[in-house]
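Participant: Dropping the structure in here first, questions after.
Each reported figure results from applying straightforward, stated rules to the coordinates on display, with no laboratory input. All of these numbers come straight from a predicted model, not from anything done at the bench. Glycine also receives a Cβ, built like all others from the backbone with ideal geometry; neighbour counts cover every protein chain displayed.
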Amino acid sequence: MNKAIENNSDITSYIERLGKSAKGAFRVLSRTESGIKNRALGAIADSIDQSRSLISEANQKDLEQGREKGLNSALLDRLALTDDRIDAMAEGLHQIMMLPDPVGEITDLRFQPSGIQVGQMRVPLGVIGIIYESRPNVTVDAAALCLKSGNATILRGGTEAINSNQAIVACITAGLESAGLPADAVQFVDTTDREAVGALLGLEHYIDVIIPRGGKGLIERVSQDARIPVIKHLDGICHVYIDDYADIDKGVRVAFNAKTRRYGICGAMETLLIHRGVAAETLSKLVPLLVEAGVEIRGCEQVVALAAEARPATKEDWGTEYLAPLLSIRVVDDLDAAMAHIAHYGSGHTDSIVTQHLGRAKRFITEVDSSSVMVNTSTQFADGFEYGLGAEIGISTNKLHVRGPVGLKGLTTQKYIVIGDGHIRP
């Protein structure tokens, strides 16, 4: 536990000190040149690479404690930092280094009849509080994106990842200091006390935006209690719809990948919808693959009749984010029925259609109201890295001010700039 907390049991005072320090660091970051920010990102990547054994040891402690506490396989998968995932953290930092810095970008500058010029400049949001669970790689993604976009950040990770996060934050601090930037630009709430979350949510004098990443309970609490604007990420109840104009083999590949590539991510398909006209052929090819992969199938009456391996689905299944080897499958009459199902049960995250019919694909991407809508591809592509954003800070299901994977631009806003030459208004 942080010494500041040991010497002062008042969590609110501790969090307020973090906020005040972050505000001071933001004033430095907001005027920091892109080259210096990139230097810090490179130094953080080097520190992570050099400290991978320490990070792995810390992560093993978290995994052992997680197993003792009975965390399910999906949560343990999110918690684990394999060598590949540590490599991905460093790669994400390098990707962000290569991205254009949005801060200071001026757009739409044009003369008005009065002779003044009016345009918009992109600027950081300020101090961002990020509350998240399980995935320790979020620590690096969040810190890097906030740093590059000129924002200071306060990170509050989950109790289950405390050791991993502490090891990663040590690398971040080292990288910041080596580039001559204030260590307070990225701060970590070094306590597992749940009161710290409430204190963060009330720190409106210092924090400009709160971003929660985690389960439904966390999102609901943050949305309800925060006195600060929230960029939220609700359930990932993602769908794939296989149309009767689909290439069935293509549909089977897409659906299998959307479910089984990784079960514990928000972009994993949770419900498969199949047009009645191709249900028998699709299920005959897909179900054996799913069963071999260990996926439990829950289906509507038609699915149960066509696939002996399926058990009847309940109404609750259609609105559940499993994050596990479970899949709901429903046979629908047509595209309209598929879109109606998505509108009723979906979470506005990611939905995909498999079809060779251009008109239906166009209707789907136009009418489905989700943050990502796809054609002939797996929902597991719903990821900032795959979208060319580098790492992401989360996937927003908000409509304001940013939607979908939140990258650098999503962590900035715009202000108007007005340029004259002694102009006065008549």
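Participant: So what does the Cα-only Debye profile of the range 238-381 read at q = 0.15, 0.17, 0.20, 0.21 Å⁻¹, as log10 I(q)/I(0), no solvent term?
Facilitator: -0.62, -0.82, -1.21, -1.37
Participant: From Cα coordinates alone, what are the radius of gyration and Dmax values for the range 1-148 in angstrom?
Facilitator: 20.2, 70
Participant: What is the set of long-range amide H partners of ILE353 at a cut-off below 5 Å, with H atoms built 1.01 Å from backbone N?
Facilitator: Residues meeting the criterion, in which the H sits 1.01 Å from N, are TYR241, MET374, VAL375, ASN376, THR377.
Participant: Pick out which of HIS233, HIS94, HIS344 has the largest mean-square fluctuation in a Gaussian network model of the chain, springs linking Cα atoms closer than 10 Å.
Facilitator: Highest fluctuation of the listed residues: HIS344.
Participant: To continue, here is another question. What are the equivalent ellipsoid semi-axes of the range 164-275, built from the alpha-carbon gyration tensor (square roots of five times its eigenvalues), in whole angstrom, biggest first?
Facilitator: Gyration-tensor ellipsoid for the range 164-275: 39, 20, 12 Å.
Participant: Search the structure for amide H atoms under 5 Å from the amide H of GLN414, placed 1.01 Å from N in the peptide plane, and list their residues when 5 or more places away or on another chain.
Facilitator: VAL123
Participant: Continuing with this model, one more query. Could you work out [θ]222 nm for the chain from helices alone, using -39500 (n - 2.57) per DSSP H run of at least four and dividing by all its residues? Round to the nearest 500 deg cm²/dmol.
Facilitator: It comes out at -13500 deg cm²/dmol, rounded to the nearest 500.
Participant: Return the percentage of antiparallel bridges among DSSP beta bridges fully within the chain, rounded to the nearest 5 %.
Facilitator: 25
Participant: Related question: Can you sort VAL278, VAL118, VAL418 from fewest to most other Cβ atoms within 10 Å of each residue's own Cβ?
Facilitator: Fewest to most other Cβ atoms nearby, the residues stand as VAL418, VAL118, VAL278.
Participant: For the chain, set up a GNM with springs between Cα atoms under 10 Å and report which of VAL230, VAL291, VAL189 has the largest fluctuation.
Facilitator: VAL291
Participant: Related question: What is the sum of charges around LEU335, taking Lys and Arg as +1, Asp and Glu as -1, for the other residues whose C-beta is under 12 Å from the C-beta of LEU335?
Facilitator: The answer is -2.
Participant: Once you list every other residue whose beta carbon is under 12 Å from the beta carbon of VAL304, what net charge do they have if Lys and Arg are +1 and Asp and Glu are -1? Write down the numbers at each step before the final one.
Facilitator: Working: positive: ARG298, ARG311, ARG330; negative: GLU301, GLU309.
So the environment of VAL304 carries a net charge of +1.
Participant: Right, here's the next one. When the Kirkwood hydrodynamic radius is evaluated over all pairs of different C-alpha atoms of the range 315-426, what value in angstrom, to one decimal, is obtained?
Facilitator: Taking every pair of different Cα atoms in the range 315-426, averaging 1/r and inverting gives 16.8 Å.
Participant: Provide ILE172, ILE297 in ascending order of the number of other Cβ atoms located within 10 Å of each residue's Cβ, fewest first.
Facilitator: Final ranking by Cβ density, sparse to dense: ILE297, ILE172.
Participant: Using the Cα centre of the range 196-300 as origin and beta-carbon charges of +1 (Lys, Arg) and -1 (Asp, Glu), tell me which of ILE210, VAL287, ALA246 is placed farthest towards the positive end of the dipole.
Facilitator: Among ILE210, VAL287, ALA246, the one farthest towards the positive end of the dipole of the range 196-300 is ILE210.
Participant: Output the 0 to 90 degree angle, nearest 10, between the alpha-carbon long axis of helix 83-98 and the longest principal axis computed from the alpha carbons of the chain.
Facilitator: 60
Participant: Let me ask another. Measure nothing but the geometry: give the 0 to 90° angle between the long axis through the Cα atoms of 162-178 and the longest principal axis through the Cα atoms of the chain, rounded to 10°.
Facilitator: The angle comes out at about 40 degrees.
Participant: Same structure again: Identify the residues of the range 401-426 with backbone N under 17 Å of a label point that sits 7 angstrom from the Cα of SER114 along the Cα-to-Cβ direction, or state none.
Facilitator: Only 416-426 pass the distance filter.
Participant: So what J values fall out for the range 402-415 if you push phi through Karplus, 6.51 cos²θ - 1.76 cosθ + 1.60 with θ = phi - 60°, rounded to Hz, Gly and Pro as x?
Facilitator: 9, 9, x, x, 9, x, 4, 5, x, 9, 10, 9, 10, 10
Participant: In Å and on Cα atoms, what radius of gyration and Dmax does the chain show?
Facilitator: Answer for the chain, Rg first and Dmax second: 23.5, 80 Å.
Participant: Run the dipole for the range 238-381 about the Cα centre, Lys and Arg Cβ at +1, Asp and Glu Cβ at -1, nothing else charged, and hand back the magnitude in debye, nearest 20.
Facilitator: The calculation lands at about 300 debye.
Participant: Across the chain, where is the longest run that never hits trypsin sites (Lys or Arg not before Pro) in a DSSP loop with at most 15 other C-beta atoms within 10 Å? Write down the numbers at each step before the final one.
Facilitator: Working: sites that count: ARG31, LYS69, ARG194, ARG227, ARG261, ARG262, LYS399.
Longest stretch, sites excluded: 263-398.
Participant: With labels modelled as points extended 7 Å from the Cα through the Cβ direction, what inter-label distance (nm, one decimal) is found for VAL418 paired with GLN50?
Facilitator: Each label point lies 7 Å from its Cα, and together they span 5.1 nm.
Participant: Now for a separate question. Return the FRET efficiency for the residue pair GLN224, THR314: r is the Cβ-Cβ distance, R0 is 25 Å, and the value is rounded to the nearest 0.05.
Facilitator: With R0 = 25 Å, the Cβ-Cβ based efficiency is 0.35.
Participant: Still on this model: For the range 244-297, what does the equivalent ellipsoid look like in terms of its semi-axes, each the square root of 5 times an eigenvalue of the Cα gyration tensor, given largest first in whole Å?
Facilitator: 19, 12, 9
Participant: Which links in LYS61/LYS250; LYS232/LYS362; LYS23/LYS399; LYS148/LYS362 stretch past 32 Å when you go from one Cα to the other?
Facilitator: Long pairs (Cα-Cα over 32 Å): LYS61/LYS250; LYS148/LYS362.
Participant: Could you line up MET269, MET339, MET98, MET121 from fewest to most neighbouring Cβ atoms inside 10 Å?
Facilitator: MET98, MET121, MET339, MET269
Participant: Excluding LEU234 itself, what net charge comes from residues whose Cβ is under 10 Å from its Cβ, given Lys and Arg +1 and Asp and Glu -1?
Facilitator: So the environment of LEU234 carries a net charge of -1.
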